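Values in this text are rule-based calculations from the coordinates and carry no lab data. Every value quoted in this text rests on a predicted model; they were computed, and no experiment measured them. So basically every Cβ, Gly included, is an ideal-geometry build from the backbone, and we count neighbours across all protein chains shown.
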Amino acid sequence: MSGGRWIDETLHPDIRLSLKADRILYEDGTGHHHLALFENRVFGKVLVLDGAIQVTSADEFAYHEMMAHVPILAHGAVRDVMIVGGGDGGLAEEVLKHPAVERLLQVEIDASVVDFARSHFGDFNAGIFDDPRFKVEIADGAAFVARTSQRFDVILVDSTDPQGPGAVLFTADFYRGLKRCLKPGGVVVTQSGVPFLQMAEFRSAMGNLASVFATAGCYLVTVPTYFGGQMALGWAHDGDAKALQPPAAVLARRAGNLHTRYYTPAVHRAAFALPRFIADALEVAGGTLD
């Protein structure tokens, strides 16, 4: 199919964002989701789940690099990583760029999303499926973290938005499950929405993180796909508030020859400088301000 069809994002009740579908590559229900994949001249391949844009091939690097490299390089000694969600594989690709990572477990509820991404997003995830460090567990993420005996240095929650099946991944109970899965000194990073358009959801997520961890805050990334301003990536651990912000020289040394298009040590540190309206919301939610 080709031509002038426009596909709406229906995530926000009072806003419609439309992208022109130059070519529909796939459209169907998967059992858990309604899924559509199409090509757009600006954003490349666009994946939409349940009316919300999930990933595009043109700008996925921004989100995935900042979610992966900030906690891994700040930690400095990461060996074991878990991703909850992240079925498109882009986040796994970034994690596996770190040679010190010995094991990456991805917990994804929908096997068809993983298979689909493997078939259609090979331009940014092909290498992960041949990497012996990478394993996929098809399971409900909330149930998995509540029962597993495995422990991790970094846990990354690359979830859908807090609606439908994804809503549980923003709750205090889920965050308690993440905490029990962390090794001492471990760090959690979660997708926490676009505060300007999702302020209630942002405050709720930050409040839930803060109720579980000694230290909880957020840092920011700008992703053109995600309309409405900066996206917040929530982070939490039981250590010092500055632990995710080592000096730029330390980050550069740890990064070595890491190939990135968005992340730099300077961007890493700058991402923790919050606009006042986000800092105020974080403070109201009980989060940690520097």
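The table for this structure:
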{"read-out": "Segment 2-56: C-alpha gyration tensor shape, a/c 1.5 cut-off, then a/b vs b/c", "value": "oblate"}
{"read-out": "Listed residues Ile138, Ile278, Ile53, most fluctuating in the chain (Gaussian network, C-alpha, under 10 Å)", "value": "Ile138"}
{"read-out": "Ranking of Val78, Val157, Val250, Val223 by count of other Cβ atoms within 10 Å, fewest first", "value": "Val250, Val223, Val78, Val157"}
{"read-out": "Förster-model FRET efficiency, 35 Å R0, Asp22 and Ala273, C-beta, rounded to 0.05", "value": "0.40"}
{"read-out": "Gly286 long-range amide H proximity, modeled H, under 5 Å", "value": "none"}
{"read-out": "Too-long pairs where the Cα-Cα distance tops 21 Å, listed order kept, from Lys97/Lys179; Lys183/Lys242; Lys97/Lys135; Lys135/Lys242", "value": "Lys97/Lys179; Lys135/Lys242"}
{"read-out": "Length gained when the stretch Arg261-Ile15 is fully extended (0.36 nm per residue, less Cα-Cα span)", "value": "85.5 nm"}
{"read-out": "Burial ordering of Asp8, Asp161, fewest other beta-carbon atoms within 10 Å first", "value": "Asp8, Asp161"}
{"read-out": "Most mobile listed residue (Ala74, Ala266, Ala126) in the chain, GNM with C-alpha springs under 10 Å", "value": "Ala266"}
{"read-out": "Choice from Asn40, Asn257, Asn208 showing the highest fluctuation, given a GNM over the chain with Cα pairs closer than 10 Å", "value": "Asn257"}
{"read-out": "Per-residue [θ]222 nm for the chain (sum of -39500 (n - 2.57) over DSSP H runs n ≥ 4, rounded to 500)", "value": "-8500 deg cm²/dmol"}
{"read-out": "Exposure proxy ranking, count of Cβ atoms within 10 Å, fewest first, for Ser18, Ser112", "value": "Ser18, Ser112"}
{"read-out": "Euclidean distance between Cα centres, segment 261-290 to segment 163-238, Å", "value": "13 Å"}
{"read-out": "Where labels lie 7 Å past Cα in the beta-carbon direction, separation of Ala241 and Asp130 in nm", "value": "4.7 nm"}
{"read-out": "√(5λ) per eigenvalue of the Cα gyration tensor, the chain, largest first, Å", "value": "28, 22, 19"}
